[in-house]
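Asks: Please read through the structure below; I'll follow up with questions.
The values are calculated or read from the model by the stated rules, or taken from the named source; none is laboratory data. A quick note: this is a predicted structure, and the numbers were derived from the prediction, not measured. Positions of Cβ are generated from backbone atoms using ideal geometry, with glycine treated the same way; all protein chains shown enter the neighbour counts.
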Amino acid sequence: MIRRSARTALAAAACGAVLATGVAACGTVQQLGAAEKVSKAFDAFGRSKAFSAKLSVDATAAQIEAFGAATGEEIDKDSAAALAAVSLSIAFSADKPLKDVQPSKGAGNGAAQAADPSISASYTLAGKGGAPLLEFRQVGGKAYGRADLAGFAQLVGQDAAEVEGMTDGMPAALQNALKGQWVSFDPKVLEGARAGRPAGGATASPVPTLDPTASASLNASLKDILTRDLSFEDKGKQDGKDRITVTAPARKLTDDLLKAFEPLAKDVPNLGKLPKTAPTDVPDRPLSLDVLLDGGTLSAVTFDLAQLEEKAGPGTPLPVRIAFGKDAPAVQAPAGATEIGSEDIDGIVGGLTAGGPLGSRHTGAGGPGGADGPAEKLTDAQVKELTRDGAMNEEQVRLYNAMGLGFQDIKDLADLKS
């Protein structure tokens, strides 16, 4: 598996790119020259009705191995090949400009967002050759999903037949979904089953959201911080595209953002308690990312992970890349999806919680589960540990636990995902 430092670096790079997109998309930096070009390019996405982005490591397996060797964090051959091949794509479409789309009142979880028929979304984890390994779509208030469990196992160098054996005894619908066949379901029903409510039972309490005054205050603080901390420089042309470098003092920017969010942390779902200062592994030096514009339109954002590693020399770059697209085709519902009804979802979740195949290896404490008993409910401390590296959020962790996975099972899965 890829070491924690590599996972953290990838997350930091993605956050840096998202940060730059957010600054410009909100129109917070309206300086002349390079900054204005970036701001206008991102602002164009808000005026479109569709948006897509694809995150990948822009390096070969050999380059990834060399980076690991140079930094003292060895990345094995299988992990390097997997990281070089994998990509994560997202796409959104709506019946109106995306800048006019507002979250539903009380919406703080995926189910609530999925139930909004005006928003369609697609999330795809792909492997070698772009073959989809995991797909999830939300269209017209309905959710669709499928996975290629055998393909994922092959990607990370594991025995596909052995992994496929994990599905033995599962409900047919779930087995088919893990073999690449589309299934569909009502996300509200799944959320109810996850929370332990039978289909048709009471609905969940609304998730708390920031009031308009707090949101306005936070937005004003972010504008001030980002205007102060970010600098832009036009670097000319690269492969026919305008290249603009965005630079920020990493530790100062992180400290400033933490201070801005701290008063509101208690009101943001799943955010938890924020640290007072930047983590020690955030470098105390400027970091830069490149924004590529094609005819004034955003083409890509790249970030070199070597900036995060003092041991990485000039000959061992490890760039991550986010390629963007606007006015992409609207997200469509897949054809031929098998619908999973409320009784099916209750049966799947209830059966797995009572000791299904996925929960057969460990309980919450790491002991035997499955046929010997259900997985133990995770403690808050265990949930915090499982979400620490960002491979999963709290909702995902608790859903896996409800499906019968214990602490060690979920930890292994998080390592596999990252």
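Asks: Could you please let me know if L292 is in contact with a Lys or Arg (Cβ under 8 Å, 6 or more places away or on another chain) and not acidic (D, E)?
Replies: Answer is yes for this residue.
Asks: Scanning for something out of contact with any Asp or Glu (no Cβ under 7 Å at 6 or more places or on another chain), buried (at least 18 other Cβ atoms within 10 Å of the Cβ) and under 16 Å from I322 (Cα atoms), does the stretch 65-75 turn up at least one residue?
Replies: Checked against the condition, which is being out of contact with any Asp or Glu (no Cβ under 7 Å at 6 or more places or on another chain), buried (at least 18 other Cβ atoms within 10 Å of the Cβ) and under 16 Å from I322 (Cα atoms), the stretch 65-75 yields no hits at all.
Asks: Oh, and also: When only residues in the stretch 210-246 that are under 24 Å from the mean Cα position of the chain (by Cα) and not in a helix (DSSP H, G or I) count, which is farthest from A34 (Cα to Cα)?
Replies: Among them, the one singled out is L210.
Asks: Can you tell me which of (1) on the phi < 0 side of the Ramachandran plot; (2) of a type outside the set (G, A, S); (3) at pLDDT 75 or above is the one D239 doesn't meet?
Replies: Among (1) on the phi < 0 side of the Ramachandran plot; (2) of a type outside the set (G, A, S); (3) at pLDDT 75 or above, D239 violates only (1).
Asks: Still on this model: Of everything in the stretch 288-317, what is in contact with a helix residue (DSSP H, G or I) (Cβ under 8 Å, 6 or more places away or on another chain), surrounded by 14 or more Cβ atoms within 10 Å (Cβ to Cβ) and either farther than 18 Å from F67 by Cα or outside the structural domain of A248 (by TED's automatic domain parsing) (or both)? Give them in sequence order.
Replies: Scanning the stretch 288-317 gives S288, L289, V291, L293, T297, L298, V301.
Asks: Restricting the search to the stretch 135-154, which residues are of a type in the set (A, V, I, L, M) and over 15 Å from G180 (Cα atoms)?
Replies: V139, A143
Asks: Would you confirm whether or not the stretch 28-43 contains a residue that is modelled with pLDDT under 85, assigned by TED's automatic domain parsing to the domain that holds L257 and in contact with a Lys or Arg (Cβ under 7 Å, 6 or more places away or on another chain)?
Replies: Yes; the residues of the stretch 28-43 include at least one that is modelled with pLDDT under 85, assigned by TED's automatic domain parsing to the domain that holds L257 and in contact with a Lys or Arg (Cβ under 7 Å, 6 or more places away or on another chain).
Asks: Follow-up question, since we're still on this one. Got a number for residues in the stretch 281-312 being in a loop (DSSP other than H, G, I, E, B), under 13 Å from I244 (Cβ atoms) and of a type in the set (A, V, I, L, M)?
Replies: Going through the stretch 281-312 one residue at a time, the tally reaches 0.
Asks: Additional query: Can you list the helices (runs of 4 or more DSSP H) lying wholly within the stretch 28-92 that have 1 or more residues being in contact (Cβ under 8 Å) with a residue 12 or more places away in the chain, in contact with a strand residue (DSSP E or B) (Cβ under 8 Å, 6 or more places away or on another chain) and farther than 30 Å from R137 by Cα?
Replies: 34-47, 61-71
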